[in-house]
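Bear in mind that the values in this text are calculations on the coordinates, not laboratory data. Bear in mind that the values here come from a model prediction, so they are computed numbers and not experimental data. Virtual Cβ from ideal backbone geometry, glycine too; neighbours counted across all protein chains shown.
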């Protein structure tokens, strides 16, 4: 198995365990998270460094309850890992549920996450948060 895929699996396991510290331990100092819908979703935008990623995770946790999250497949090419899955959540302010397939592009080098870019149904997310 590709070492980058193993690191990706560890990252998602840390998120599933709802423990930020092991997740951040797997991040490079200069990690960047890019999430769509900047200005429309509380967690949308560019988050830089471990402190920025911790703030992103806090913003996501404050905004949404994760009801289901499943990575169905990893595809790896060198340092790039593509995670393909399904998400269902509930927007905390509105109480509305929403679901979407997602694709995460993860750049992983030397056992550390350097970049995480997410793609999902932004219209469904923003409607749930409206």
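Laid out as a table, the results:
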{"quantity": "Boolean, residue 17 is without any contact (Cβ under 8 Å) to a residue 24 or more places away in the chain and either closer than 18 Å to residue 79 by Cα or touching a strand residue (DSSP E or B) at 6+ places or on another chain (Cβ under 8 Å) (or both)", "calculated": "no"}
{"quantity": "Segment 98-127, residues that are over 18 Å from the mean Cα position of the chain (by Cα) and more than 30 Å from residue 78 (Cβ to Cβ)", "calculated": "127"}
{"quantity": "Residues of segment 66-79 satisfying the condition of being over 14 Å from the mean Cα position of the chain (by Cα) and exposed (fewer than 15 other Cβ atoms within 10 Å of the Cβ)", "calculated": "67, 72, 73, 75, 77, 78"}
{"quantity": "Members of segment 89-108 found to be surrounded by fewer than 15 Cβ atoms within 10 Å (Cβ to Cβ) and within 22 Å of residue 24 (Cα to Cα), listed by number", "calculated": "103, 105"}
{"quantity": "Condition met for residue 86 (exposed (fewer than 15 other Cβ atoms within 10 Å of the Cβ), farther than 21 Å from residue 34 by Cβ and under 16 Å from the mean Cα position of the chain (by Cα))", "calculated": "no"}
